[in-house]
Amino acid sequence: MASTTTLSSLLPPHLPARSLTLIFDTPSSPAHFVLQHLLASHLKRKSKRPTQAEQPPCAVVVALEESQAHWAAVGKRLGIDFPPLLSSHTLTFLPFLSLPSPSLHPLLDQIAQALSPGALVLVEDVSQLVWLGFGEREVGRFLGGLRGAVRAADARLVVVSHEPTPLPSLAAHASVVIQTLPLATGLSAEISGTIRISPGALWDDSPPSESDEEEGGAGRGAFQPIEQQYRLGESGAVCFARGTVRGVL
């Protein structure tokens with residue numbers, strides 16, 4: 001029997017404030033489960049700000065692939081009830097193709113308006129924007145503006161980019177890099193894929209300060225790269241060391 005762990009135990013306890021977490025995945029090993037996990041963990045965390053003691057920091061989902069119904073169904077299995085979160089504006093869901101004006105500047109404005117200190121912004125596969133006809137330079141400007149808005153709001157940004165058409169320039173701005181990969185040996189009923197988590201170019205490995213800890217952790221401190229295999233289930237991902245499942249390398 002493989003010794004298993006949760007995705008939470010592999011990730012840094014708190015993503016750095018004003019940071020970018022970059023996720024690379026592939027069509028055969030989509031990382032949507034990572035986005036859902038990060039959203040659920042964020043919304044379950046109570047704010048430590050005195051005026052918002054009972055409310056979690058807000059979250060913004062920029063949907064470029066999956067529908068709100070899909071997000072809500074998966075969220076429900078993870079203990080997140082979308083309707084009250086949406087009605088209270090704790091959660092903002094922006095389905096890009098359904099917006100009145102599906103262009104990047106109005107999208108950036110809507111995201112910025114929804115931000116508050118401690119917010120989490122999740123962007124589904126950003127390479128979809130290139131496939132939809134936006135130029136790489138235009139997408140780059142959008143992402144630069146989004147990073148600026150996140151820093152100004154003292155928020156956190158998570159972006160997914162599908163391989164084989166990732167936007168590698170993002171890597172220079174990432175504090176955390178996550179990759180989900182298919183098994184080299186092919187499909188398996190026991191293992192869904194491999195996940196790698198490592199510090200990015202902007203990870204700050206200096207010890208966290210007292211003020212960092214008071215804000216729930218700024219994601220600073222020692223952070224060693226880790227790679228494990230994972231299996232997806234109804235309640236998320238179960239992770240385990242390579243080679244601990246019989247018959248699978």
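The values are calculated or read from the model by the stated rules, or taken from the named source; none is laboratory data. Just so it is clear, the model here is predicted, and its values are computed rather than measured. Because the Cβ atoms are built from the backbone with ideal geometry, glycine has one as well, and the counts that use them run over all protein chains shown.
Could you say whether any residue in segment 137-145 is within 23 Å of Thr90 (Cα to Cα), over 14 Å from the mean Cα position of the chain (by Cα), surrounded by fewer than 21 Cβ atoms within 10 Å (Cβ to Cβ) and not basic (Lys, Arg)? Yes, there is a match, as at least one residue in segment 137-145 is within 23 Å of Thr90 (Cα to Cα), over 14 Å from the mean Cα position of the chain (by Cα), surrounded by fewer than 21 Cβ atoms within 10 Å (Cβ to Cβ) and not basic (Lys, Arg). Against the conditions (1) buried (at least 21 other Cβ atoms within 10 Å of the Cβ); (2) of a type in the set (S, T, N, Q); (3) at pLDDT below 85, Thr180 satisfies every one except (3). Scanning segment 1-55 for residues that are of a type in the set (D, E, K, R) and either surrounded by fewer than 14 Cβ atoms within 10 Å (Cβ to Cβ) or at pLDDT below 80 (or both) yields Lys44, Arg45, Lys46, Lys48, Arg49, Glu54.
Take the conditions among the small types (Gly, Ala, Ser), surrounded by 17 or more Cβ atoms within 10 Å (Cβ to Cβ), modelled with pLDDT of 85 or more and in contact with a Lys or Arg (Cβ under 7 Å, 6 or more places away or on another chain) and apply them to Ser175. Does it pass? No; evaluated as a whole, the condition is false for this residue. Among the conditions (1) assigned to a loop (DSSP other than H, G, I, E, B); (2) more than 28 Å from Gly118 (Cβ to Cβ); (3) at pLDDT 70 or above, the only one that Thr165 does not satisfy is (3). Of all residues in segment 183-201, those that are surrounded by 15 or more Cβ atoms within 10 Å (Cβ to Cβ) and either touching a strand residue (DSSP E or B) at 6+ places or on another chain (Cβ under 6 Å) or in contact (Cβ under 8 Å) with a residue 40 or more places away in the chain (or both) total 11. Within 17 Å of Pro57 (Cβ to Cβ), surrounded by 12 or more Cβ atoms within 10 Å (Cβ to Cβ) and either touching a residue at least 40 places away in the same chain (Cβ under 8 Å) or in contact with a helix residue (DSSP H, G or I) (Cβ under 7 Å, 6 or more places away or on another chain) (or both): does that describe Ala72? No; evaluated as a whole, the condition is false for this residue.
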